[in-house]
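Worksheet for the structure shown next.
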Amino acid sequence: MKYISTGNKDTRSGFGAGLHELGRSNPNVVALCADLVGSLKMDAFINENPDRFFQVGIAEANMIGLAAGLTIGGKIPFAGTFAVFATGRVYDQVRQVVAYSNKNVKICASHAGLTLGEDGATHQMLEDIGLMKMLPNMTVIVPCDYNQTRAATLAVAEHVGPVYLRFGRPAVPNFTPVDQKFEIGKAQHLVEGNQVTIFATGHMVWKALEAADLLEQKGISAEVINIHTIKPLDEEAVLKSVAKTRSVVTAEEHMMNGGLGDSIAQLLVRKLPAPIEMIAVNDTFGESGKPEELLVKYGLDTPNIVNAALKAIARK
């Protein structure tokens, strides 16, 4: 494999590292949390900047309102909680006081998707990307590993406007460069290929790379593209790749409805129709279990990406 993991690290720690750096470099950055400081790895920022941190307790709607208000004074608020609370519990506030008002709030959502594991269906938020990408003015970012989450956190502070930044709890392969420059809205080409394009996001990017290796062993050339920014979608990169390969697989730790696959399918049906297979949770809630076992049960694993690629190619 072209990309080698330097070890497994959780993406929420990448967020914590990025926030810590911002605390030292940008005096306008402030942080808010809904009683989950340890889970979101905010401790380092808080220890150095206690006067720039607001613990709102279990009051997520209030946290979003406070964050929106802080932007009026020129602050850049990073509001952190679990994805299920950052979107589902406070959708009204996010819609009205952040997106509609176009406030410079950074909504930082941890513990998303099936890989939350043992916490079960009530906390395994699988609809958040859809909820957020439908909001005008909202940017939606899903980095793939520790290094990229850190870089994305730094980039988000420079971006003016509402952002939804999604990351997770499990330790996953850390394979992107430490010194990378994160460009919001620009897809990341990882592997060149000419027979099928695998568009992946978040934790599924590493599995897409594994699938490309297995496909190569079968004599099939797969292109792998990391769509770390769901919105705005890098339409140019998508169309350029699909014009070459003419078949598509999407892979995401999210509901099939409303996710990355949905965005790419909408683009292709308008501008470049091509066979597409989607690796995602198909209209069902999750359940309690070990993260990797859940990914296998719900079809979000490397063999299923390989099979999807073979199906897409056969449909050309």
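Every number here is computed from the coordinates shown, using simple stated rules; none is lab data. The model shown is predicted, which means the values in this text are computed figures rather than measured ones. Here the Cβ is made from the backbone with ideal geometry for all residues, glycine too, and neighbour counts use every protein chain on show.
Just to confirm the number: angle between the C-alpha axis of helix 260-271 and the first principal axis of the chain, 0 to 90 degrees, nearest 10? The helix 260-271 is inclined about 60 degrees to the chain. If you sort the three axes of the alpha carbon gyration tensor as a ≥ b ≥ c, you get a/c under 1.5 for region 9-173, which makes it rounded.
Loop-located GluC sites (Glu not before Pro) across region 249-313 with a Cβ neighbour count of 15 or fewer within 10 Å are E287, with loop assigned by DSSP. Converting phi to 3J(HN,Hα) with the Karplus coefficients 6.51, -1.76 and 1.60 and the offset θ = phi - 60°, region 176-185 yields 7, x, 5, 9, 5, 9, 8, 10, 4, x Hz in sequence order, with x at every glycine or proline. In this label model, I4 and N257 are separated by 4.5 nm, measuring between points 7 Å along each Cα→Cβ vector.
Protection proxy ranking, highest mean first, for peptides 222-233, 106-117: 106-117, 222-233, where packing is the per-residue count of other beta-carbon atoms within 10 Å, averaged. Residues whose amide H comes within less than 5 Å of that of S247, counting only those at least five positions distant or on another chain, are T197 (H built at 1.01 Å from N in the peptide plane). At an R0 of 51 angstrom, the distance between the Cβ atoms of E158 and T122 translates into a FRET efficiency of 0.90.
On the beta carbon distance between E183 and F285, with R0 = 41 Å, the FRET formula returns roughly 0.75.
This model, with +1 at the C-beta of Lys and Arg and -1 at the C-beta of Asp and Glu, gives the chain a dipole about its Cα centre of some 740 debye. Near the amide H of S221, within less than 5 Å, lie the amide hydrogens of N194, Q195, all on another chain or at least 5 residues away, with H placed in the peptide plane. Which Cα, out of A157, N102, L126, lies furthest along the positive dipole direction of region 100-179 (beta carbon charges, K/R +1, D/E -1)? Selected residue: N102.
The protection proxy used here, the mean number of other Cβ atoms lying within 10 Å of each residue, ranks peptides 157-163, 14-20, 197-203 as follows, highest first: 197-203, 14-20, 157-163. Compute the angle between helix 302-314 and the longest alpha-carbon principal axis of the chain, please, reported from 0 to 90 degrees and rounded to the nearest 10. The two axes meet at around 50 degrees. Between Q217 and S101, the distance separating the two model label sites (each 7 Å from Cα on the Cα→Cβ line) works out to 5.5 nm.
Taking trypsin sites (Lys or Arg not before Pro) across region 121-183, the ones in a DSSP loop with at most 14 further Cβ atoms lying within 10 angstrom of their Cβ are K181.
Electrostatic bookkeeping for T176 treats Lys and Arg as +1 and Asp and Glu as -1; over the other residues with beta carbon under 14 Å from its beta carbon, the sum is +2. Quick check: from the Cα gyration tensor, does region 199-287 come out rounded (a/c under 1.5), prolate or oblate? Note, shape of region 199-287 comes out oblate.
Among the chymotrypsin sites (Phe, Trp or Tyr not before Pro) in region 65-114, those placed in a DSSP loop whose Cβ has at most 14 other Cβ atoms within 10 Å are Y100.
Distant-in-sequence amide contacts of V191, defined by a placed amide H-H separation under 5 Å and a gap of 5 or more residues or a different chain, comprise V224. With a Förster radius of 25 Å applied to the C-beta separation of L267 and A314, the computed FRET efficiency comes to 0.65. For the chain, the longest principal axis of the alpha carbon atoms and the long axis of helix 204-217 meet at an angle near 20°. Taking the centroid of alpha carbons for each part, region 193-209 and region 129-169 are 19 Å apart.
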